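The structure under discussion appears below in the form of structure tokens.
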Amino acid sequence: MIWMPGRSFSGPFPPLKDEETEVERRLREHVRILAGQIGERNVWQYDALQEAERYLDGKLRESGYSTAFQDYQVEGKTVRNLEAELGGTSKPAEILVIGAHYDSAMGCPGANDNGSGVAALLEIARLLAGKRLERTVRFVAFVNEEPPFFQTEAMGSLVYARRCKQRNEAIVAMLSLETIGYYTDAKGSQQYPFPFSLFYPDTGDFLGFVANLGSRSFLHRAVQSFREQAKFPSEGVAAPGWMMGIGWSDHWAFWQQGYPAVMVTDTALFRYPYYHTAEDTPDRVVYDRLARVTAGLAETTANLAGD
């Protein structure tokens with residue numbers, strides 16, 4: 001449950017590479033537009049939700065992808081999941097899903113939750129565009145992750161995962177990018193639900209990988225790959241899905257259909273003091289560290305799609 005392969009990075013960070021500096025610049029712009037310009041985006045702020053959807057669609061197309069939508073009805077309105085696909089070479093029927101939700105909680109501009117995850121999704125897609133990987137990688141922006149739709153029939157990722165199952169798609173695994181933009185070196189900044197505080201550090205400077213017990217094998221591969229590719233602290237846990245915090249994102253929807261899935265997170269409310277508040281603004285995101293995380297996750301995605 002708590003042992004992970006490889007060794008977490010520790011010590012001073014090396015200078016950002018040129019590519020990472022460009023990733024940082026682009027992440028700032030994505031979050032500024034999503035959370036600063038568009039702001040709160042959900043069914044009750046429907047125009048903003050649609051504007052966010054158009055922004056994501058445009059950026060994926062700029063990176064060279066064709067996009068597709070999955071429409072469905074909620075509260076008398078049409079909402080959409082958005083996908084783009086990088087076709088595999090030798091194993092194109094095997095699909096790795098990289099997903100993040102683009103809606104925000106009511107009353108929340110959603111910079112870290114989940115502007116950070118969506119911005120990383122756009123940059124991972126851009127960094128991998130045109131690469132030849134064995135498996136297909138599908139980039140999906142989900143709608144309606146936040147309450148009151150969370151873990152209901154109207155949750156975008158559940159609607160999407162069910163369609164995957166109905167189509168008999170070979171989803172080999174899913175990574176959910178959830179609130180990944182806040183890091184601090186302050187002692188005591190990291191909290192946990194019991195009993196995880198007995199095993200994990202009290203400083204909120206790491207990226208977390210979270211899975212249920214059925215996804216443990218994929219969790220180990222993901223953590224090992226990230227630790228090989230990225231110079232960034234990381235922790236992982238596999239625990240029963242009913243435990244507090246373990247299923248709190250779109251990976252839960254894929255578990256319901258029997259697919260292995262892992263949440264990648266800065267642990268959200270267990271670290272981030274502005275979670276689901278009006279203060280979740282673009283200035284709260286730690287962009288240089290988010291850039292390191294994003295570049296590392298792009299390499300991890302390529303590795304997982306190519307092994």
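The values are calculated or read from the model by the stated rules, or taken from the named source; none is laboratory data. Here the structure is a predicted model, which is why all the values come from computation and not from measurement. Cβ placement follows ideal geometry from the backbone for every residue including glycine, while neighbour counts extend to all protein chains displayed.
Can you confirm whether the stretch 283-298 contains a residue that is more than 14 Å from the chain's Cα centre (by Cα) and under 19 Å from ALA141 (Cα atoms)? No - not one qualifying residue is present in the stretch 283-298.
Contact map, the stretch 214-243: residues that are among the acidic types (Asp, Glu) paired with residues that are assigned to a loop (DSSP other than H, G, I, E, B) and at pLDDT 95 or above, Cβ distance under 7 Å, separation 6+ or inter-chain. Pairs shown: GLU228/GLY6; GLU235/SER8; GLU235/PHE206.
In the stretch 75-85, is there at least one residue being more than 22 Å from ASP288 (Cα to Cα), assigned to a strand (DSSP E or B), out of contact with any strand residue (DSSP E or B) (no Cβ under 7 Å at 6 or more places or on another chain) and touching a residue at least 24 places away in the same chain (Cβ under 8 Å)? Scanning the stretch 75-85, I find at least one residue that is more than 22 Å from ASP288 (Cα to Cα), assigned to a strand (DSSP E or B), out of contact with any strand residue (DSSP E or B) (no Cβ under 7 Å at 6 or more places or on another chain) and touching a residue at least 24 places away in the same chain (Cβ under 8 Å), so the answer is yes. Among the residues of the stretch 194-227, those that are more than 11 Å from PRO260 (Cβ to Cβ), part of a helix (DSSP H, G or I) and of a type in the set (Phe, Trp, Tyr) comprise PHE196, PHE226. Would you confirm whether or not the stretch 134-142 contains a residue that is of a type in the set (Lys, Arg) and not in a helix (DSSP H, G or I)? Among the residues of the stretch 134-142, at least one is of a type in the set (Lys, Arg) and not in a helix (DSSP H, G or I), which makes the answer yes.
Determine, yes or no, whether THR203 is free of Cβ contacts under 8 Å to residues at least 40 places away in the same chain, within 30 Å of ASP288 (Cβ to Cβ) and hydroxyl-bearing (Ser, Thr, Tyr). Yes; evaluated as a whole, the condition is true for this residue. Is it the case that LEU49 is of a type outside the set (S, T, N, Q), in contact (Cβ under 8 Å) with a residue 24 or more places away in the chain, part of a helix (DSSP H, G or I) and touching a strand residue (DSSP E or B) at 6+ places or on another chain (Cβ under 9 Å)? Considered against the rule, which asks whether it is of a type outside the set (S, T, N, Q), in contact (Cβ under 8 Å) with a residue 24 or more places away in the chain, part of a helix (DSSP H, G or I) and touching a strand residue (DSSP E or B) at 6+ places or on another chain (Cβ under 9 Å), LEU49 comes out as yes.
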